[in-house]
Amino acid sequence: MIVPNSVRPGVAEPIWSALPTPTIRLASHEHLFHEGDPAAAIFEIASGVVIIYRTGLDGCRLIHGLRFKGELVGVGYGETYGVSAVAVRPATVRRISRAALDRAIDDDPGAARRVLEALTSELMRISDRLMVIGSRTAIGRVAACLLDLSARSAGGGETFILPICRSEMADYLGLTIETVSRAMTRLKTLGIITLPRSDTVTIKDRPALQTLAHDDGDGAARGRLCA
C-alpha cells in the first residue's frame with residue numbers, strides 16, 4: 001500500500017496520444033464496469049477516484065484498491081473483468097479499446113512496456129496491501145492508508161480530502177468501522193494528524209505516521225503510540 005517509489009500505472013501521453021480515447025463521465029457511485037462484463041477496454045482516470053472491488057459469497061463488497069488521476073483501470077487480458085469499478089464521486093475517464101491497444105502494442109514496443117509497467121505496479125500494490133493487512137496493527141493499517149492517500153491524491157501534500165468514507169476505509173483495510181474510527185481518533189489525540197473536517201486530514205507528524213505504518217506490532221512504536 002505504501003509504494004512512493006513504485007511506477008504509477010498511468011498512461012504515457014506520447015504512446016497513447018494517437019489512439020482514439022473517448023471521454024466517459026461518471027456520476028457519484030456510477031459503475032464503469034461490473035465483474036464478469038466483457039473486457040473490451042481499459043480506462044485511464046482523468047479526474048476523480050474509482051474504487052476497484054469484488055463481491056464476496058456473502059454479498060459483501062471487498063475493496064481491492066483505489067485508482068486516482070493518471071492511473072489505469074481494467075488492465076489485463078482476460079475475456080471478462082475480474083473486478084468491478086465504481087466512481088466514488090463524479091469522475092472522468094478515457095476509454096482505450098482493447099483492439100486499439102493490441103494494435104499499438106504490435107506497432108510500438110513502447111506501448112508494450114507501458115502495459116507491463118502498469119501490470120507490474122498493480123502487482124506491487126497488491127503485494128504491499130497484503131503485507132500491510134497481514135502484518136500491521138490496526139492503527140498501522142490506517143497510518144499506511146493515510147500515507148498512501150497523501151501520496152496519490154495530494155502529491156505527498158500534508159492536507160488532503162479523504163476520497164473514501166470510514167466504512168469504505170474499513171472494507172479496504174480489513175477492519176471494522178469502529179476500529180478505523182478509534183485509530184483516527186488515536187492519531188488525532190497523539191498529535192500525528194488533525195481533522196479540520198470529517199473528510200479532511202492534515203498530517204502533522206509524518207515521521208511518526210511512517211513509523212506506525214511500518215511497525216509490525218512488536219516494535220517500540222507499539223508501546224509508545226498504540227496504547
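The numbers here are math on the coordinates, done by the rules we state, and not lab data. Note that the structure is a prediction, hence the values are computed from the model and not measured. Counting neighbours? That spans all protein chains shown, and the Cβs are built from the backbone with ideal geometry, glycine included.
Could you work out which residue, out of Asp107, Asp37, Asp148, moves most in a Gaussian network model of the chain, that is, has the largest mean-square fluctuation with Cα springs under 10 Å? Ranking Asp107, Asp37, Asp148 by mean-square fluctuation puts Asp107 first. Based solely on its DSSP helices, what 222 nm [θ] is calculated for the chain when runs of n ≥ 4 H residues each add -39,500 (n - 2.57) and the sum is averaged over all residues, nearest 500 deg cm²/dmol? Helices in the chain give a 222 nm mean residue ellipticity of -12500 deg cm²/dmol.
Using R0 = 30 Å, the C-beta based FRET efficiency linking Leu119 and Leu57 works out to 0.65. The residues Val50, Val73, Val86, when put in order of fewest to most other Cβ atoms within 10 Å, stand as Val86, Val73, Val50.
For Asp205 and Ile177, the FRET efficiency from 1/(1 + (r/R0)^6), where r spans their Cβ atoms and R0 equals 25 Å, is about 0.50. This model, with +1 at the C-beta of Lys and Arg and -1 at the C-beta of Asp and Glu, gives segment 13-130 a dipole about its Cα centre of some 380 debye.
Stretch Thr92-His29 to full length: gain in nm at 0.36 nm per residue minus the Cα-Cα span?
Working: separation 63, 0.36 × 63 = 22.68 nm, distance 1.27 nm.
Full-extension gain reported as 21.4 nm.
Under 5 Å between amide hydrogens, built in the peptide plane, is the criterion, and for Thr159 it picks out Ile203 among residues at least 5 positions away or on other chains. Here the Karplus curve 6.51 cos²θ - 1.76 cosθ + 1.60, taken at θ = phi - 60°, turns the phi angles of segment 129-134 into couplings of 5, 4, 4, 5, 5, x Hz, with x standing for Gly and Pro. Highest mobility in the GNM of the chain, judged by mean-square fluctuation with C-alpha springs under 10 Å and restricted to Thr55, Thr21, Thr176, is found for Thr55. Under a 5 Å amide H cut-off, with hydrogens placed 1.01 Å from N, Asp37 pairs with Tyr81 among residues at least 5 apart or on other chains.
The 3J(HN,Hα) values that the Karplus relation (6.51, -1.76, 1.60; θ = phi - 60°) gives for segment 159-167 are, in residue order, 10, 8, 8, 5, x, 10, 7, 4, 5 Hz. Gly and Pro appear as x. Remark: Glu35, Glu79 ranked as Glu79, Glu35, counting other beta-carbon atoms within 10 Å and listing the fewest first.
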